[in-house]
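What follows is calculated from the coordinates using simple rules that are stated; it is not laboratory data. Owing to the predicted nature of the structure, the values given are computational and were not obtained by experimental measurement. A quick note on method: Cβ atoms are made from the backbone with ideal geometry, for glycine too, and the neighbour counts reach across all protein chains shown.
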Amino acid sequence: MPTEAARAWRPPPRIANASARRGLWIVATAYAVFALFTVDVDAARIAEGAARAADFFGGWLRPDFFTRWSDIRMGLVESLAMTVVATAAGFVLAIPFGLGASRNLAPAPVYAGCRGALAVFRAFHEVLVAILFVAMFGFGAFAGVMTLVVATIGFLGKLLAEAVEEIDPAPLEALTAAGAPWASRIAFGVLPQVMPRILGLTLYRLDINFRESAIIGLVGAGGIGATLITAFARYEFESVSAILMLIISMLFVAELLSGRLRRRLL
C-alpha cells in the first residue's frame, strides 16, 4: 500500500502551456536575430573571400610539388624529427609522473604534486604552449619539440596513472611480502602489466604529435607548418595543396604502421 507521502507526491510542473512555449520561441528567435545583427557582415569582404576561395580550390586541383620542393622536404624532415624526439622524450618523462600520480603507489604529497603537474600540462592547447616557448627560445624546432614534450607528458602520464591504478595487486603484494625494494616492485610487478597498453598509446601519440607539429609551425615552432604558412602568405595555393596532400598521405601511412604495431604489442 502506498504511504501517505507517496500519495501526496505530485510530478514536477511542466511547461505544457502553448502560450508559454510560444513565448520561449519568440524570445529565442529575437535573440538569434539580435546576435545576427551584431556580427559584422561585410558584403565586399565576402565577395573578396569567395574569389580567394575559388583561387584556393583551383590551386588544390593543381598541386605543385616541385617549385618549393626543397622547402617542403626540409619542413617534412623537421616535423618528423620533432615528432620522434618529442614522443621519445615525453614517453621517458611520463613514466615517473605517471607512477607518482598513481594513488596505489605514491604517498599523498607525491600523488598530489604529480597529479597537479599533469593537470597543468594538459590545461593549455599546444598552440598556446608553442607561443610561450617561441617567446622564450625563439623561432625554430626547439620550441616545437618542447611543446610536444609537454603535451606528450600530460597525455601519457595521465593514462599511465589510470592504468597503474587498475593493475592486479597480487604480483605487487607478493614482491612486497618477499622484501623486494621499491624499484624491483615497479619493474617486475607494475610495468609488465601496463607497458603493452602504454606503448600502444605512445604510438597513437606519435600520430598526434606529427599532426600537431604541422599546427604549431603556424606560430613559428618549426616543422612543415612554417612552410605551409609561408605558402599561404604568398598565395601559392598550388604549393599549399601539395603540402596538405603530403601531410595527409604521411598520416595515413603512420596510421597503418602504428595500427599494426599496436596489434602486435597488445
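Helices in the chain, meaning DSSP H runs of at least 4 residues, each add -39500 (n - 2.57). Divided by all residues, the mean residue ellipticity at 222 nm is -26000 deg cm²/dmol. Compared with the rule-of-thumb size 2.2 N^0.38 Å for a compact globular protein, segment 20-103 has a Cα radius of gyration ratio of 2.18. The base-10 log of I(q)/I(0) for segment 106-209, evaluated at q = 0.16 Å⁻¹, reads -0.81 [Debye formula, identical scatterers on Cα atoms, solvent excluded]. Just so you know, the Cα atoms of segment 64-110 work out to an Rg and Dmax of 19.3, 59 Å.
Here r is the Cβ-Cβ distance between Ser184 and Phe65 and R0 is 45 Å; the resulting FRET efficiency, rounded to 0.05, is 0.25. The label-point distance for Phe252 and Ala119, in a model that sets each label 7 Å from Cα toward Cβ, rounds to 4.3 nm. If you take the square roots of the eigenvalues of the alpha-carbon gyration tensor of segment 73-149 and sort them as a ≥ b ≥ c, do you get rounded (a/c under 1.5), prolate (a/b over b/c) or oblate? Judged from the Cα gyration tensor, segment 73-149 comes out prolate (a/c at least 1.5, a/b above b/c).
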